[in-house]
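Undergrad: Got a structure for you, written out below as structure tokens; questions coming shortly.
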Amino acid sequence: MKSILLIGMGQFGQILGEKLVNMGDEVMIVDKDEDIINPIASKYAGAVIANCMNADNLKTLDIPSFDVCVVTIADDFQSSLEITSILKDLGAKYVVSKANTDIQRKFLIRVGADEVIYPNRDVAEKLAVKLNSQKVYDYIELDSEYSIFELAVPNKWIGKTIMEANPRAVYEINILTIKKGNKIMPTPTPSTVFEDGDKMVVFGNTEKIITFTNKKK
């Protein structure tokens with residue numbers, strides 16, 4: 001369980017907050033709009049109506065006590081920038097701030113953000129990958145080069161073992177797990193046989209996996 005301060009309870013902030021609470025985290029929410037805070041306050045460990053651009057308001061929240069502070073204000077970048085800076089000045093351990101552009105990201109990093117997220121861009125990139133790749137169920141980008149993908153097993157692999165398909169040597173991808181219906185094989189062996197309907201979770205270079213998915217039959 002983590003202690004999280006969530007500043008800005010727009011649509012993204014509310015979705016994030018609900019997910020964090022469902023995962024067992026202790027979440028305090030802050031927004032300057034009481035019409036937003038009041039209806040949802042009971043869901044959280046704490047709820048405060050305050051303008052976080054005022055450093056004195058943030059001081060009362062004991063910022064160093066939180067494991068993570070998240071600034072989800074995107075429609076007012078100046079506010080996001082100033083709040084991020086104040087949080088770091090007050091001793092925040094880890095600050096995650098929301099941005100809409102690369103320029104915003106650069107400024108947020110400059111004033112102290114430890115991590116910057118691009119929800120709109122990330123969703124668009126995921127959708128683009130799915131639309132341009134055959135049978136990609138999901139993927140997680142680990143960095144600018146490598147990702148983990150959940151894929152359908154190619155038809156030409158069905159009935160073959162992992163050794164016979166040889167994905168590491170032929171396609172430079174590593175199979176982490178295989179999903180057979182509702183069952184997961186956490187440690188598939190070279191002798192594991194692919195069956196119709198199987199899904200596989202693979203790791204490798206993002207571009208090479210996308211190329212593989214577009215070629216596989």
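Undergrad: With all protein chains present, calculate the accessible area of Glu115 using a 1.4 Å probe and round the result to the nearest 10 Å².
TA: My reading of the accessible area for Glu115 is about 80 Å².
Undergrad: I'd like the accessible area for Met28, computed on protein heavy atoms only with a 1.4 Å probe and all protein chains in place. Round to 10 Å², please.
TA: About 50 Å², rounded to the nearest 10.
Undergrad: Now for a separate question. Per DSSP helix of 4 or more residues, -39500 (n - 2.57); summed, then divided by the residues of the chain. What does that give at 222 nm, rounded to the nearest 500?
TA: On the way: 9 runs with 79 residues, N = 217.
Taken over the chain, the calculation gives -10000 deg cm²/dmol.
Undergrad: With a probe of 1.4 Å, find how much accessible area the stretch 33-168 has per residue, and write the answer as a whole number in Å².
TA: Here the residues of the stretch 33-168 average 56 Å² of exposed surface.
Undergrad: When the Cα atoms of the stretch 2-77 are enclosed in a convex hull and the volume is divided per residue, what value in Å³ results? Each step should come with its number before you reach the end.
TA: Numbers: hull volume 6.4 nm³, N = 76.
About 85 Å³ per residue, rounded to a whole number.
Undergrad: Taking all protein chains in place and a 1.4 Å probe, what share, in percent, of the accessible surface of the chain do carbon and sulfur account for? Before the final figure, lay out each step's value.
TA: Working: 6280 of 12160 Å².
Looking at the chain in its full context, I get 52 percent from C and S.
The values are calculated or read from the model by the stated rules, or taken from the named source; none is laboratory data. Quick caveat: nothing in here was measured; it's all calculated off a predicted structure. Side chains are part of the model used for accessible areas, which takes the heavy atoms of the whole protein and leaves out ligands, DNA and RNA. Shrake-Rupley method; radii C 1.70, N 1.55, O 1.52, S 1.80 Å.
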